[in-house]
Amino acid sequence: MKALTLHLLTIFFCVLPAVSQIPDVAWEKHFVIDNSHYFSDVVELKDGSYLIAGAIERPDSFDSDIWLLMFNSNGDTLKSKIFSNPGNDIPMRIVCYNEDGYLLSYINLTEEKAYSSRLMALDTGFGVRWNKTAEKISAINRTDVAADDDGNIWWLNTYAETNGKSEITINKLDKDGNILNDFGISDKHPVEGYAIKVLPDKTIGVSCRFLAAGELASVQAIRMGNDGKIIWKSSVTSPGRNLTPQCLCCSPDNTMLVGGWAGLCYNPDAPAEEQIWDYDFLLSKIDDKGKVIWTQNYNREGSEKGTAIAVTPNGTILAAGKCETSFTGSIGPWLLLVDVNGKMIGEKVFKLRLLNDQVARIIYTSDGGMLMVGPGYINTENRLSGWVKKLNPMLRAEG
């Protein structure tokens, strides 16, 4: 009987780590200011503080400047700085670089409404070391950056080439912003780059949107070596749905996770401006050989989109986005907990603060909790208001 009891306890405690609930909010930050503002990205620093990239509207125009803030683990503001440039700056990604600085990728929307991709290097005091502008105009409102342990910088952009077809360029740069090499990703059909990540085995992961003529868009995950050679390409499809990637992450087992949304058109024969679309949160897991392990479309009772993902050390997936519409009125930033097999084990819709409110980025924090920022850039004439939510450690999530 004693042996049986011990066996049952062992089973219980083996299952227990997979059973997790979305924790309560430990603290949140909102700035009561007249200027429209938003937050796009966040990274945790080694001392437990958080560096947040956002933008704030200028008092004399509708254009925004880059706004960097640093909070301690309790949410107290430690540092804040605004960076002014002509045009409208749209922050995309902030990453730590070596031990003494940060990299910020952003889009500058010019007066001619063209997307100009830029990359800024800063020291730990928020001083600008260099600010690089891409040589070509971006084909989409998207750019991303990653850095590896060898000091290389990987800058992802999508350009419209002379034939009008969009193609991806990845610049490999050194610490001074000098381009060491260019790597192109192209196809006979247009392809768009959305996210880049240095993976645990030091290879590079890229998520793309693939637009074959006469077909619905699919998601393409690419793994390449640090020499720029493509190791494999893997396609993610969902029958009858138009796919758009948004975020890319990696798991402890060296798999890739791609998040975004899958759109279903109810009247595909109607003109584009009259089409009615429904969206589900798209999440796909791909192994280190390029095999799609699973693909899930998560939905509630309306239209949902995925914008951010992170992974805990035990492989639990933090998937975040927004509920855009709902038959029950439950709309706002949406957070899901997903196990390693793609099963949703918990979800929560947070209070709506503004139209189209969403999670722009989520990170797993060193205390076992998570931190989210939003709403990111939303192309709207309505006033935006940035927010930060720190959630308590996840009980039992890490065993």
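Label separation (K291 vs E347): 2.9 nm, computed from points 7 Å beyond Cα along the C-beta direction. Here the Kirkwood formula puts the hydrodynamic radius of the chain at 21.8 Å, using every distinct Cα pair.
For segment 301-384, the equivalent ellipsoid derived from the Cα gyration tensor has semi-axes of 23, 16, 9 Å, listed largest first.
Per-residue surface analysis assigns K29 an accessible area of about 50 Å², computed on protein heavy atoms at 1.4 Å probe radius.
Cross-link pairs exceeding 27 Å between alpha carbons, from the set K29/K285; K81/K390; K113/K202; K188/K322: K29/K285; K113/K202; K188/K322. Computed with a 1.4 Å probe over protein heavy atoms only, the accessible area of V32 comes to about 150 Å².
Model label sites at I82 and W232, defined 7 Å from Cα along the beta-carbon direction, differ in position by 4.9 nm.
Would you mind getting the accessible area per residue of segment 85-224, heavy atoms of the protein chains only, 1.4 Å probe, in Å²?
Heavy-atom accessible area per residue stands at 40 Å².
Taking the Cβ of E161 as the center, what net charge do the other residues with Cβ under 10 Å away carry, scoring Lys and Arg +1 and Asp and Glu -1? With Lys, Arg at +1 and Asp, Glu at -1, the neighbours total +1. Under a 5 Å amide H cut-off, with hydrogens placed 1.01 Å from N, N85 pairs with I66 among residues at least 5 apart or on other chains.
Using θ = phi - 60° in the Karplus curve 6.51 cos²θ - 1.76 cosθ + 1.60, the 3J(HN,Hα) couplings for segment 46-56 round to 5, 8, x, 7, 10, 9, 10, 9, x, 8, 9 Hz; x is entered for Gly and Pro. With the simple model of a label 7 Å out from the Cα in the direction of the Cβ, E301 to S330 spans 0.8 nm. Centroid-to-centroid, using Cα positions, segment 308-340 and segment 279-294 are 16 Å apart. Measuring with a 1.4 angstrom probe and ignoring ligands and nucleic acids, C96 comes out at about 50 Å² accessible.
Remark on G374: its backbone amide H falls under 5 Å from those of F39, A360, W387, a criterion applied only to residues 5 or more positions apart or on other chains, H modelled at 1.01 Å from N. Placing unit charges on the Cβ atoms of the charged side chains and taking the dipole of the chain about its Cα centre, the candidate lying farthest along the positive direction among G374, I90, G342 is G342.
Looking at segment 230-270, the accessible area is 39 square angstrom per residue; that uses a 1.4 Å probe and ignores ligands, DNA and RNA.
Note: relative contact order over segment 118-251, using C-alpha pairs below 8 Å and six or more positions apart, is 15 percent.
The length gained by stretching the chain between R383 and S49 to full extension, at 0.36 nm per residue less their Cα-Cα distance, is 117.4 nm. Ranked from largest to smallest solvent-accessible area, with a 1.4 Å probe on the protein heavy atoms, I82, I363, I94 come out as I82, I363, I94. Placing unit charges on the Cβ atoms only, positive for Lys and Arg and negative for Asp and Glu, gives the chain a dipole magnitude near 800 debye about its Cα centre. Comparing mean-square fluctuations of T237, T255, T328 from a GNM of the chain with C-alpha springs under 10 Å, the top value falls on T328. What does the C-alpha gyration tensor say about the overall shape of segment 230-331? Classify as rounded when a/c is under 1.5, otherwise prolate if a/b is larger than b/c, or oblate. Oblate. For segment 27-66, the relative contact order comes to 33 percent (Cα pairs under 8 Å, sequence separation of at least 6). May I ask for the Rg/Rh ratio of segment 14-88, computed from Cα atoms with Rh as the Kirkwood radius, given to two decimals? Here the Rg-to-Rh quotient is 1.13. Please label the shape of segment 75-182 as rounded, prolate or oblate, based on the square roots a ≥ b ≥ c of the eigenvalues of the alpha-carbon gyration tensor (a/c under 1.5 means rounded; beyond that, a/b larger than b/c means prolate, else oblate). In terms of gyration-tensor shape, oblate. Report summary: the helix-based calculation at 222 nm, which adds -39500 (n - 2.57) for every DSSP H run with n ≥ 4 and divides by the residues of the chain, gives -1000 deg cm²/dmol. Evaluating 6.51 cos²θ - 1.76 cosθ + 1.60 at θ = phi - 60° for every residue in segment 270-283, the Karplus couplings come out as 7, x, 3, 6, 10, 6, 10, 10, 10, 10, 10, 5, 9, 9 Hz, glycine and proline recorded as x. Mean projected area of the Cα convex hull of segment 304-343, taken over all directions, amounts to 3.0 nm². Sequence-distant contacts, meaning Cα pairs under 8 Å at least 6 residues apart, place the relative contact order of segment 350-399 at 33 percent. Note on the chain: dipole from Cβ charges, positive end direction compared against G101, M394, S186; the farthest Cα belongs to M394. In segment 154-253, the alpha-carbon atoms span a convex hull of 112 Å³ per residue. Taking the chain as a Gaussian network of alpha-carbon nodes connected by springs under 10 Å, the highest mean-square fluctuation of the residues V258, V25, V43 belongs to V25.
The values are calculated or read from the model by the stated rules, or taken from the named source; none is laboratory data. Note that the structure is a prediction, hence the values are computed from the model and not measured. Note that we place each Cβ from the backbone using ideal geometry, even for glycine, and neighbour counts take in every protein chain shown. Keep in mind that these areas ignore ligands, DNA and RNA; they rest on the heavy atoms of the full protein, side chains included. Shrake-Rupley method; radii C 1.70, N 1.55, O 1.52, S 1.80 Å.
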